[in-house]
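Notes follow once the structure below has been shown.
What follows draws every value from the coordinates through simple rules; no lab data is involved. Values in this document were obtained by computation on a predicted structure and should not be read as measured data. Glycine gets a Cβ as well: all are built from the backbone with ideal geometry, and neighbour counts include every protein chain shown.
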Amino acid sequence: MGILNVTPDSFSDGGRYTDVDAAIEHGMDLYRAGADIVDIGGESTRPGAARVDAATEVSRVVPVISGLAAAGVPMSIDTTRAAVASAALAAGASVINDVSGGLADPAMAGVARDAGCPWILMHWRGHSRDMAQLAVYRDVVAEVCTELLARVENATAGGVDPGQIILDPGLGFAKTAEHNWALSRRLDVLVDLGFPVLFGASLKTYLGRLLAGPDGTPRPVDRRADATLATSVLAVAAGAWGVRVHDVAATVDALAVWRATGSPRLAKP
Ligand code: PMM
């Protein structure tokens, strides 16, 4: 999954693709580089980010989705709002990527059910403004699994086909670096729930912290690509169905190496 944020303020690519033509061009590049799906987002979920209204979100994503749909690019819509998901599906997106797992907008289950499309349920505890205080767990792996299964329950109770559900541990969303590493270490536990698993570590802050310089300054976002590649190969080797990344070309190459090696799976810890 290639990332295309049509926002002025996302941590990784904010401000780069606010122009519709530049965004479409970048989406085409991700697709040509080998992305199976391009994930279009119109609202930043960066920690502390202020919300935008639904009309703004729609106005950012729909022209880009329409342009990429005309070129045959498969897309997901990264939104927590049912109205935005509906508009995006109507414009040509075919997957809902809901970082709130249906918690933020109770109407999302109905949109996913009626569309009959895949719905990515990410683990989430609250909007970006509040998420740092919500990063409290006794056993992060067990709690993320339990909370995700509750979201699956909510989705299926709303008429969503369980075969359309994809789970995501939600790295960095109400999670400290230690929580992200614990979830990475035991991704097998999430995989064993039996749903496809999407893993989204790309360029995130915890990688910058891992690679901090001697004075403790985190490695800047534009120098976290190699570490991201390592997380992607390890996640796929742990059984992930997909990885959500900025650098599609490098990811495709790294996964080709993994496949040529016989698609080895990590032993369970
Ligand atoms: N992370 C971000 C946004 N959307 N969606 C899913 N399913 N999983 C993620 O980990 C995820 C997401 C934030 O990262 P970005 O600002 O680089 O898009």
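To make sure I understand, if each residue's beta carbon is the centre and we count other beta carbons within 10 Å, what order do PHE173, PHE195 fall in, fewest to most?
Details: PHE173 25, PHE195 21.
Fewest-to-most Cβ neighbours within 10 Å comes out as PHE195, PHE173.
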*Treat the count of other C-beta atoms within 10 Å as a stand-in for reagent exposure and order SER94, SER76 from fewest to most.*
SER94, SER76
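With N set to the number of residues, divide the alpha-carbon radius of gyration of the chain by 2.2 N^0.38 Å and report two decimals. Don't skip to the end; give the middle numbers.
On the way: Rg = 17.4 Å, N = 269, 2.2 N^0.38 = 18.4 Å.
Relative to the 2.2 N^0.38 Å estimate, the chain comes out at 0.94.
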*How big is the gap, in Å, between the Cα center of the stretch 225-261 and the Cα center of the stretch 87-127?*
25 Å
_Considering just Cα atoms, how many Å³ per residue does the convex hull of the stretch 44-96 enclose?_
72 Å³
*Hey, could you pull the Cα Rg and Dmax for the stretch 122-269, both in Å?*
15.8, 53
*Tell me, in nm to one decimal, what length is gained between ALA69 and SER94 on full extension, where the rule is 0.36 nm per residue of separation less the Cα-Cα distance?*
8.0 nm
_Can you list which of the DSSP-assigned H helices in the chain have a Cα extent of 15 Å or more along the long axis and an average Kyte-Doolittle score of at least -0.5?_
20-32, 54-70, 140-157, 225-237, 248-260
*On the first, second and third principal axes, largest extent first, how far apart are the outermost C-alpha atoms of the stretch 118-175 in Å?*
33, 23, 16
*Kindly state, to the nearest 0.05, the FRET efficiency for MET28 paired with ARG51, given R0 = 30 Å and r defined as their beta-carbon distance.*
0.55
*Run the dipole for the chain about the Cα centre, Lys and Arg Cβ at +1, Asp and Glu Cβ at -1, nothing else charged, and hand back the magnitude in debye, nearest 20.*
620 debye
